[in-house]
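Each remark here refers to the structure printed beneath this line.
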């Protein structure tokens, strides 16, 4: 358990500032930017027009009305470039903030005074603070996150999965009432027609999967794909109708977990 805050060194912070900051993001991303406030973060995505996840991130309230974007460090420059492409004549400034860091804790001693992770409170607290104010702890955080059973940016990838397949609708990553955004049409259609047939789900592995990446049923038919793994814990992109059947990743037996956040998917 992280008794003191840790810094997620695999995340970066971007700042969106200016009079049009909220309106600018509101027309682009999946969640309602108006909900962002001190102590209240929002989890959201920027999608392709077809509804596939290009970027996933957390929005935090910064100083003087700025919106701070907590994004995977390896995607930060690409997201900054994409946002600049949409900027046009809006009164917005975009910048990377290397003086800031993403901090997290899942200690009961910390949680009372820090904002909960926007996806689920089971992950603990997550906020933005000064760079260098806490020790690096991304690996410990990933072990904790996988124990809770929540996918992250590595599992989501870029332009690979539809936004609802990532579990975003179950992890408070989309508003179905906020109005238009890029990729909204396909996302809303999937939601209202109940067409989410595949999702990112947490699993445990018993045995050695070797280099296998395809999840297969007892007949050897592929029904899913490994997205990330840490020891016995993993995230796979799985056809949901297969979840209760015997599944294998190489020689390892795959057991699908059903954490509380995912329960309504079944």
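Since every read-out is calculated from the coordinates, none of them should be taken as a lab result. These numbers come from a predicted model, not from an experiment. Cβ coordinates were reconstructed from backbone atoms using ideal geometry, including for glycine residues, and neighbour counts include every protein chain displayed.
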223, 180 arranged by Cβ crowding within 10 Å, fewest neighbours leading: 180, 223
Projected label distance in nm at residue 251 and residue 20, using a 7 Å step from Cα toward the beta-carbon: 6.0 nm
Estimated 222 nm signal from helices in the chain, with DSSP H stretches of n ≥ 4 weighted -39500 (n - 2.57), rounded to 500: -4500 deg cm²/dmol
Ranked packing of 28-39, 77-88, most packed first, by mean Cβ within 10 Å: 28-39, 77-88
Residues 139, 214 arranged by fewest to most Cβ contacts within 10 Å: 139, 214
Point-to-point label distance, residue 208-residue 225, nm (Cα→Cβ direction, 7 Å offset): 2.6 nm
Volume per residue of the C-alpha convex hull in the range 6-164, rounded to whole Å³: 108 Å³
Cα-derived Rg to Rh of the range 1-57, Kirkwood definition: 1.03
Principal-axis tilt of helix 76-87 within the chain, Cα atoms, nearest 10 degrees: 60 degrees
Cα→Cβ-extended label distance, 7 Å offset, between residue 140 and residue 77, nm: 3.0 nm
Kirkwood estimate for the range 197-266, i.e. one over the average of 1/r between Cα atoms, Å: 11.8 Å
Cα long-axis angle, helix 138-148 against the chain (0 to 90 degrees, to the nearest 10): 60 degrees
Kirkwood-based shape ratio for the range 54-123, expressed as Rg/Rh from alpha carbons: 1.02
Rounded FRET efficiency, nearest 0.05, which uses the C-beta distance separating residue 48 from residue 177 and R0 of 22 Å: 0.50
